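A.B. asks: Please see the structure below; I have some questions.
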Amino acid sequence: AGTLGAAAAQSGRYFGTAIAASRLGDSTYATVAAREFNMVTAENEMKPDATEPQRGQFSFNSGDQIYNWATQRGLKVRGHTLAWHAQQPGWMQSLGGSALRQAMIDHINGVMAHYRGKLAAWDVVNEAFAENGSRRSSNLQSTGNDWIEVAFRTARAADPSVKLCYNDYNIENWTYAKTQGVYNMIKDFKSRGVPIDCVGLQTHFTGGSSLPSNFQTTLSSFAALGVDVALTEVDVTNASTSQYAGLTQACVNVPRCIGITVWGVRDGDSWRSSESPLLFDNGGNKKAAYTSVLNALNAA
Ligand code: G3I
């Protein structure tokens, strides 16, 4: 197939991108995005600061802009994200204890009610682990260690049809402490019946020309717990073709790796724009890494 989305679909997968609502008026951006991808993640527009700027007052204008743009073009949408230590609205940052716990629950219910039945997945909880494999300290963590499972149980009740994901970065290397910390939480959740369907590995790769050699082991190990896995925010320093090919190959080698999302369309659209980490240059032209990804998808 001749596009990333169509190539991924041949093996039942998707290929997505982060979309920024503010760029949709850029015709090169919109044309490339609609042509190449079949899944979309809102880069910022469905985060807590965007969707509940004042307590109890929800705002879905920019999130809906992305949702409508995508679905009108046949692209599906992943929700990102409901509970996170960062990009909280100011009113939430200043809460703690039971008031924050309740605010988190209310936030999940309010946002998920709006998108009920419409999304492919939600990143229910984002980036809750520290590099040493313990829980990251945050106002949410201070409400009690059970905040993550409360978030997932709330989410399942709010929209039983959507896949519920835990999403994090630096969990690609199987022997890394953070990977093991997340793995043990997922294992515990599955053993106790806490509702969780998927793990998102952000896959922000830096430096070097090779992947962690055990990346595929990480994907298959999570999958063996009974969850889907997805690469959710891929970007790679200088768009190393071998790293892009390798991460794509690792996903297609694992049956429960359901899709790959790159974190932006053109290099200049990236939060790491100085590293030229994406698949299209600033003119919207395909880079060498694009071809390496497309070939790996087509060979799957
Ligand atoms: O929209 C305002 C604009 O009005 C203002 O003038 C400008 C001045 O700084 O800021 C703009 O907001 C910025 C926003 O991106 C939109 O461009 C924020 O400052 C900036 O902090 C925000 O950065 C986002 C970052 O998350 C914040 O945590 C990036 O775009 C976004 O790519 C990034 O995405 C995260 C994932 O959600 C989670 N994983 C890591 C990933 C990369 O950091």
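The values are calculated or read from the model by the stated rules, or taken from the named source; none is laboratory data. Model, not experiment: these values are computed from the prediction. Backbone-built Cβ (ideal geometry, glycine too); neighbour counts: all protein chains shown. Accessible surface areas use protein heavy atoms only, side chains included; no ligands, DNA or RNA. Shrake-Rupley method; radii C 1.70, N 1.55, O 1.52, S 1.80 Å.
A.B. asks: Mind checking the per residue accessible area of segment 21-176 for me, 1.4 Å probe, whole number of Å²?
C.D. replies: Per-residue accessible area for segment 21-176 comes out at 39 Å².
A.B. asks: Are there GluC sites (Glu not before Pro) in segment 116-208 that DSSP puts in a loop and that have at most 14 other Cβ atoms within 10 Å, and which ones?
C.D. replies: Loop-located and lightly packed - Glu131.
A.B. asks: About the Cα centre, and with charges only on the beta carbon of Lys, Arg (+1) and Asp, Glu (-1), how big is the dipole of the chain? Nearest 20 debye, please.
C.D. replies: It works out to roughly 580 debye.
A.B. asks: So, with a 1.4 angstrom probe, what is the percent of accessible area on the chain that is carbon and sulfur?
C.D. replies: 47
A.B. asks: A follow-up question, please. Could you give the dipole magnitude of segment 176-300 about its Cα centre, charging the beta-carbon of Lys and Arg +1 and that of Asp and Glu -1, in debye to the nearest 20?
C.D. replies: My answer is approximately 280 debye.
A.B. asks: Sticking with this one: So, for segment 216-300, what is the accessible surface per residue at a probe of 1.4 Å, expressed in square angstrom?
C.D. replies: 32
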